[in-house]
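The values are calculated or read from the model by the stated rules, or taken from the named source; none is laboratory data. If you're wondering where the values come from, they're calculated on a predicted model, not measured in any experiment. Neighbour counts are summed over all protein chains in view; Cβ atoms, including those assigned to glycine, are modelled from backbone coordinates with ideal geometry. Just so you know, the surface numbers come from the protein's heavy atoms only, side chains and all, with ligands and any DNA or RNA stripped out. Shrake-Rupley method; radii C 1.70, N 1.55, O 1.52, S 1.80 Å.
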Amino acid sequence: MALEIEDKFDVQEDFTLPDLGGVPGCARVAEPLSHRLTAVYFDTPDLRLAARGVTLRRRRGGDDEGWHLKLPKAAGAREEITRPLTRSAKTVPAELASLVLAYTRGAPLAPVARLETRRSIALLLGPGDTPLVEVADDRVKGTVLGDEPVVRRWREVEAEIKEGDPEILRKVGKRLRRAGAAPSASGSKLARVLGDRIPAPRPATRPEPGSVGEVVVGYLRAQVAALAAQDPRVRLAGEDAVHQARVACRRLRSALKAFKRIVVETESVQEELKWLGEVLGEARDLEVMRVRFGDRLDALDPRLVTGEARRRLGDDLLAREHDAYDRIRAALGGERYFALLDALDVLAADPPLTAAAGRDAARALPKIVDKNWRRVVDAYDAAGRAEEGEEREAAMHEVRKAAKRARYTAEAVGVSGPAKRAKKVQTVLGRHQDGVVAQDTLLEEAARAREAGEDTFTYGVLAGVESAEAARAHEEFPAVWASVTGST
């Protein structure tokens, strides 16, 4: 997966590409290259990918022929996933088809358009002939496939950053505009050829400016988008992707709970978000434990690492993590997940708002933040009344959950003070919880080792380390609580 940053320009047929030599930061311009490219684009019959700004194509010709999947990331930037050409020109490789399931929701993929491009490339090189910016002058013939094909022809210029300072891309764009190029009205060649065939976005509710609804709906939409953006990265087991997807689930659930008097009838969505968070959580928890134990083992005197402890706490946990990823991919390919995505789309576009959504945000939202912090205080008071042992542990876990919800609520509203206060509570209790969970994992692995006749000494050593870590967090908590509440 690579990040593609480019600017696109519409130009007239008689446009003359300006001299790009002497652009600050550029040493020279390489000899121009020419290519003939043929790309077939795939989508669902109702163009679900195009509607989301996603392109999936099979391209022949040029120095990067193959399958290309481009996912929207930000203005002027897209993530691109490439795979080699396959024998079949009509069937999308299974891996790429799976990466767009969040958009297709299981609908079949088929060719929808063909683009034939005569491309002339000017490559701006830096010191040591490092490629900096590629300027592609394209003459395009686009055909909408179907019973009655429609053909369009046009010329456009693309400037794409290769390496180095993106500022060079801006300077190149400035020269192109001076020569008569205009920023493209279309986000992609596919969007240009398909035109008004691409479905219009679902009409979205627009709450009153400055209202509670505006803040809450904006936050919900951002988290729905964040979850969707992580979907292909989760399927690829991208770094931190599962964690970010689970965080998006948690933030959505917390917001829907905290703002239940603003957005109603979301109980079923909350339950499904809980399910998805649990599906994602297994792999994430195993990853955290594997890295944690690896660090612990590295810090030990080598004489204390005996038997097969490093293998069991490393390779074996990694194998279990891979199995968990298989279960994630199975869940993300199922109807239950697709139904959740459909429900989130509806929620983001047209949330069921109450009259309270029209209240002034500056007055109403701080009260909701305060109410959620009071939940933390009440949970801690209840924990103080609980019996020592399992009852107290369970009660303190409720404090942590309440702090997490209070933090996400404050973040949704954009109030940093209460968010930081809740995060401090959540962090120290999280350290305690992680130590307890780690001990449980070590007991399980030690039992497996014992059954295999292996030395279990190292598991006991690590259990002692984790017990001490949990105890330290427990001892630190009263001081942390006093610092955030002002109590003694």
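A few points about this structure:
- Selected residue (only one of V100, V135 is of a type in the set (V, I, T) and either within 16 Å of E6 (Cα to Cα) or free of Cβ contacts under 8 Å to residues at least 24 places away in the same chain (or both)): V135
- Tallying residues that are closer than 17 Å to R52 by Cβ and either within 24 Å of the chain's Cα centre (by Cα) or not acidic (D, E) (or both) within segment 195-210 yields 9.
- Extreme residue, surrounded by the fewest Cβ atoms within 10 Å (Cβ to Cβ), among residues of segment 35-78 that are among the basic types (K, R) and under 22 Å from I198 (Cβ atoms): K73
- Restricted to segment 2-20, and to residues there that are under 37 Å from the mean Cα position of the chain (by Cα), farther than 16 Å from V172 by Cα and open to solvent by 40 Å² or more (accessible area, probe 1.4 Å), the residue that is modelled with the highest pLDDT is L3.
- Residue match in segment 448-456 (condition: part of a helix (DSSP H, G or I) and of a type in the set (S, T, Y)): no
- Qualifying residue in segment 236-254 (condition: of a type outside the set (D, E), within 30 Å of G358 (Cα to Cα), touching a Ser or Thr at 6+ places or on another chain (Cβ under 8 Å) and buried (at least 22 other Cβ atoms within 10 Å of the Cβ)): yes
- Matching residues, segment 371-391, being without any contact (Cβ under 8 Å) to a residue 40 or more places away in the chain and either on the phi > 0 side of the Ramachandran plot or open to solvent by 50 Å² or more (accessible area, probe 1.4 Å) (or both): K371, R374, R375, D378, D381, G384, R385, E387, E388, G389, E390, E391
- The requirement of being part of a helix (DSSP H, G or I) and of a type outside the set (D, E) is not satisfied by R261.
- Test result for L304, crowded, with 18+ Cβ neighbours inside 10 Å and either within 18 Å of the chain's Cα centre (by Cα) or over 21 Å from V234 (Cβ atoms) (or both): no
- Among the residues of segment 21-34, the one identified as open to solvent by less than 30 Å² (accessible area, probe 1.4 Å) and modelled with pLDDT of 90 or more is A30.
- Here E272 meets the list (1) open to solvent by 20 Å² or more (accessible area, probe 1.4 Å); (2) under 20 Å from G333 (Cβ atoms); (3) within 17 Å of the chain's Cα centre (by Cα) almost entirely, failing just condition (3).
- Pick from segment 409-442, criterion touching a residue at least 60 places away in the same chain (Cβ under 8 Å), charged (D, E, K, R) and farther than 23 Å from E214 by Cα, ranking: surrounded by the most Cβ atoms within 10 Å (Cβ to Cβ): R421
- Residue list for segment 146-180, restricted to those being in contact (Cβ under 8 Å) with a residue 40 or more places away in the chain and in contact with a Gly (Cβ under 8 Å, 6 or more places away or on another chain): R152, W154, A159, G164, D165, E167, I168, K171
Yes/no per residue for (1) β-branched (V, I, T); (2) without any contact (Cβ under 8 Å) to a residue 60 or more places away in the chain; (3) farther than 30 Å from E214 by Cβ; (4) assigned to a helix (DSSP H, G or I):
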site	(1), (2), (3), (4)
A319	no, yes, yes, yes
D323	no, yes, yes, yes
R329	no, no, yes, yes
A339	no, no, no, yes
L344	no, no, no, yes
L347	no, no, no, yes
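- Residue, least open to solvent (accessible area, probe 1.4 Å), within segment 186-223, restricted to residues that are touching a residue at least 12 places away in the same chain (Cβ under 8 Å) and among the acidic types (D, E): E214
- Residue among G128, G106 that alone is over 20 Å from the mean Cα position of the chain (by Cα) and within 19 Å of R233 (Cα to Cα): G106
- For segment 123-153, a residue qualifies if it is open to solvent by 20 Å² or more (accessible area, probe 1.4 Å) and of a type in the set (A, V, I, L, M, F, W, C), and the qualifying residues are L123, L145, V150, V151.
- Flag if D285 is in a helix (DSSP H, G or I) and either more than 24 Å from the chain's Cα centre (by Cα) or farther than 29 Å from A403 by Cα (or both): no
- Any hit, segment 393-408, residues being outside any helix (DSSP H, G or I) and either open to solvent by less than 20 Å² (accessible area, probe 1.4 Å) or within 30 Å of L220 (Cβ to Cβ) (or both): no
- For segment 446-482, taking the residues that are within 34 Å of the chain's Cα centre (by Cα) and more than 26 Å from D298 (Cβ to Cβ), the one that is surrounded by the fewest Cβ atoms within 10 Å (Cβ to Cβ) is identified as V480.
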